[in-house]
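The block underneath contains the structure these notes are about, expressed in structure tokens.
The values are calculated or read from the model by the stated rules, or taken from the named source; none is laboratory data. As the structure is a computational prediction, the values presented were derived from the model and not from experiment. Glycine also receives a Cβ, built like all others from the backbone with ideal geometry; neighbour counts cover every protein chain displayed.
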Amino acid sequence: MIELKDITKRFADGQRALTVLDSLSLHVDEGEFIAITGESGAGKTTLLNILGTLLPADEGQYSIRGEKVEVSDETGVERLCHLRNKEIGFVYQDHRLLPQFTVLQNILLPTLATKTTSTEEEQQRALSLLEFTGILPLKDSPVTQLSGGEQTRVAICRALINQPAILLADEPTGQLDVANTQTIATLFQQVNTQFHTTIIMATHSAEMSKVAKKTYLLKEGKLRVKN
């Protein structure tokens, strides 16, 4: 499904370049669920941004299903936009929900990338996801009235609305208490097993790492298998 080979990413740090990812390689099979751990500043978010095509690597190669991911011309940009919208779902620590919209409207937003109205099938899928995550009664509620755990579940529904093959999650439970973290951990496990979604998740949470099938440690710019 995913192949990273010798990925290097540097950022300017004053007059020198700080290497965050150093010839990093990763192979992820279809349907796999992996967790990436590491100290703050280790580069977990940078790695997810590269996987999500939001940030280009300085060196190395990124492939999805054997096809190289790169932006070389206008056609390449359009292809990446389509890939990002249809094949990759994102769950962020800060949720990034739009406060002026309801729960259901937030979930349907990714379906409006190329049109002005969601289809009936997409609306039904959104309702099914709300039921799957246990928040169907909140569908018409303003997202500003939800708890942190409820907002996380809305973000998961939004990430899954276009039925992506890949789900990327950046500290999805970073702001939640233990009980909500356990709930979200179980939900991610169900998404992986029931929808066969490939999941790559950056997390500090031992509870979240425990439900992943494989855990990596990101340290000094490289990944090491933990289990």
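Consider segment 89-120 and keep the residues that are assigned to a helix (DSSP H, G or I) and farther than 27 Å from residue 33 by Cβ. The one that is farthest from the chain's Cα centre (by Cα) is 120. Just need a number here: residues in segment 98-111 that are closer than 25 Å to residue 45 by Cβ and crowded, with 20+ Cβ neighbours inside 10 Å. Here the count works out to 3.
Looking only at segment 27-36, decide whether some residue is loosely packed, with under 15 Cβ neighbours inside 10 Å and assigned to a helix (DSSP H, G or I).
Applying the first criterion (loosely packed, with under 15 Cβ neighbours inside 10 Å) to segment 27-36 yields 27, 29-30.
Cutting the leftovers down to assigned to a helix (DSSP H, G or I) gives us none.
No, segment 27-36 contains no residue that is loosely packed, with under 15 Cβ neighbours inside 10 Å and assigned to a helix (DSSP H, G or I).
Determine whether residue 207 is in a helix (DSSP H, G or I) and either closer than 26 Å to residue 118 by Cα or touching a residue at least 40 places away in the same chain (Cβ under 8 Å) (or both). For residue 207, the condition - in a helix (DSSP H, G or I) and either closer than 26 Å to residue 118 by Cα or touching a residue at least 40 places away in the same chain (Cβ under 8 Å) (or both) - is not met.
Being touching a Gly at 6+ places or on another chain (Cβ under 7 Å), at pLDDT 95 or above and either aliphatic (A, V, I, L, M) or over 18 Å from residue 40 (Cβ atoms) (or both) is true for just one of 129, 160. Which residue is that? One residue alone meets the criteria, 160. Residues in segment 210-227 that are of a type outside the set (D, E, K, R), assigned to a strand (DSSP E or B) and either modelled with pLDDT of 95 or more or farther than 14 Å from residue 25 by Cβ (or both): 215, 216, 217, 218, 223. Restrict the check to segment 134-141 and report whether at least one residue is buried (at least 21 other Cβ atoms within 10 Å of the Cβ), over 13 Å from the mean Cα position of the chain (by Cα) and of a type in the set (S, T, N, Q). Within segment 134-141 (the criterion being buried (at least 21 other Cβ atoms within 10 Å of the Cβ), over 13 Å from the mean Cα position of the chain (by Cα) and of a type in the set (S, T, N, Q)), the answer is no, since none of the residues qualifies. Of everything in segment 115-127 that is of a type outside the set (D, E, K, R) and touching a residue at least 12 places away in the same chain (Cβ under 8 Å), the residue that is farthest from residue 150 (Cα to Cα) is 123. Contact map, segment 69-98: first residue farther than 30 Å from residue 205 by Cα and at pLDDT below 85, second residue loosely packed, with under 14 Cβ neighbours inside 10 Å and of a type in the set (S, T, N, Q), Cβ cut-off under 6 Å, separation 6 or more or different chains; the map is empty.
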